[in-house]
Amino acid sequence: MRNFVAKRMSARARLAAGAGSAFGVALLVAACSTGSSGTAAAGSSSPAGASSSSAAAGGSGSTVITTVSSSAGTFLANSSGHAVYLWTKDSNGMSACSGACAGAWPPVTTTGTVTASGEAKSSDLSTITRSDGTKQVTYDGHPLYFFSGDSGPGMASGQGNDGFGAKWWLVSPSGSDVTSAVSAFTMSGSGTSPAPAATPTSSSAGGGWS
């Protein structure tokens, strides 16, 4: 009788031990699974963060100053073919154009690097900080501007303008002002002719320039 009871108790003990082991294994598997999920989630956040950083870097706003050609010679423009100008009222490398002037003659600004293309010289490119904190591109010490009256690439309707009390001129690759009349121009070496420019005017009427 004692042997029978002992055998029954032994069987129950083994069953309980087996159940306990199975439960322990289940807990271990669950823990490992949870740990793996946490690792995967943490790992998946890294590429997203890297992508955000890359996107921010890609939107840095770099500016290219290149050259365009006309019957009057070669002068500066941005990479989209919009003419850029200097203002003879500026002095000591600083801009004297603000308020309404800057509305009619938007400064060429950048939030990234400034590079030269065509016959433009990298050594002549720099920036100054305007009163609003923006960086304005300069060339050979001249702050550069667009003209709001130029409605698209290939236009130089600001050439010879005397708005706001001084002349506005296109800029040659040497940094000097271009004073000849310009009716139309093309991107250097492109062989394509943008829309003809309007004749020089003292008006500062609005238009697209970016």
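Brief remarks on what is shown
- Spin-label pair Lys89-Ser123: with each label point 7 Å from Cα along the Cα-Cβ axis, the two points sit 3.3 nm from one another.
- Largest-first principal axis extents, alpha carbons of segment 63-187, Å: 37, 30, 24
- Potential lengthening between Thr115 and Thr179 on full extension [0.36 nm per residue; Cα-Cα distance subtracted]: 20.5 nm
- Under the convention that each Lys and Arg Cβ holds +1 and each Asp and Glu Cβ holds -1, the size of the dipole of segment 63-187 around its Cα centre is about 120 debye.
Quick note: the coordinates plus some simple rules give every number you see, no bench work behind them. Since this is a predicted model, take the numbers as computed values, not measurements. Cβ sites come from the backbone with ideal geometry, for glycine too, and all protein chains shown count toward neighbours.
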